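As structure tokens, the structure follows; a few thoughts come after it.
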Amino acid sequence: MDRVSELARTKAAVIFTKSTCCMCHSIMTLFHDLGASPAVYELDREVKGREMEWALQQFGCNPTVPAVFIGGNYVGSAKDVLGAHLTGSLRDKLIEAKAIWF
């Protein structure tokens with residue numbers, strides 16, 4: 001759990017994914033389209049990916065991927081991120097965390 005917390009704070013935007021997850025790919029594309037370059041950790045390619053996935057479950061991530069953190073805070077899964085994007089609050093969070101600049 002400490003490793004996931006530490007990784008979530010490494011950059012302004014962090015996404016935990018799996019390489020075969022289409023929603024993960026969509027969320028990463030959305031972030032890139034908004035001008036953000038998130039740190040991406042693919043759990044199925046990480047040495048301790050299973051432990052990291054378990055830790056994400058302990059954080060309340062359901063489903064475990066994509067799990068999005070902005071400014072070190074858990075934002076949510078794809079549904080939460082897309083909802084925030086539709087209301088405009090995703091962009092605001094990215095600006096506040098200095099993941100994008102305007």
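The values are calculated or read from the model by the stated rules, or taken from the named source; none is laboratory data. Nothing here was measured: the structure is a model prediction, and the numbers come from that model. Every residue, glycine among them, receives a Cβ derived from its backbone with ideal geometry; neighbour counts consider all protein chains shown. Keep in mind that these areas ignore ligands, DNA and RNA; they rest on the heavy atoms of the full protein, side chains included. Shrake-Rupley method; radii C 1.70, N 1.55, O 1.52, S 1.80 Å.
The slack between residue 80 and residue 54, meaning 0.36 nm per residue of separation minus the straight C-alpha distance, is 7.3 nm. Shown for the chain: lysine pairs separated by 8 or more places, or found on different chains, whose C-alpha atoms are under 25 Å apart, numbering 9. Between residue 42 and residue 87, the C-beta separation translates, for a Förster distance of 35 Å, into a calculated FRET efficiency of about 0.80.
Rg and Dmax, both from the Cα atoms of the stretch 1-44 and both in Å, are 10.6, 30.
When 30, 56 are compared by accessible area of protein heavy atoms, the largest-first order is 30, 56, using a 1.4 Å probe. Of the whole protein surface, residue 70 contributes about 10 Å² of accessible area at a 1.4 Å probe radius. The loop-placed chymotrypsin sites (Phe, Trp or Tyr not before Pro) in the stretch 16-48, going by DSSP, include none that has at most 10 neighbouring Cβ atoms within 10 Å of its Cβ. Between residue 29 and residue 5, the FRET efficiency estimated from the beta carbon spacing at R0 = 22 angstrom works out to 0.25.
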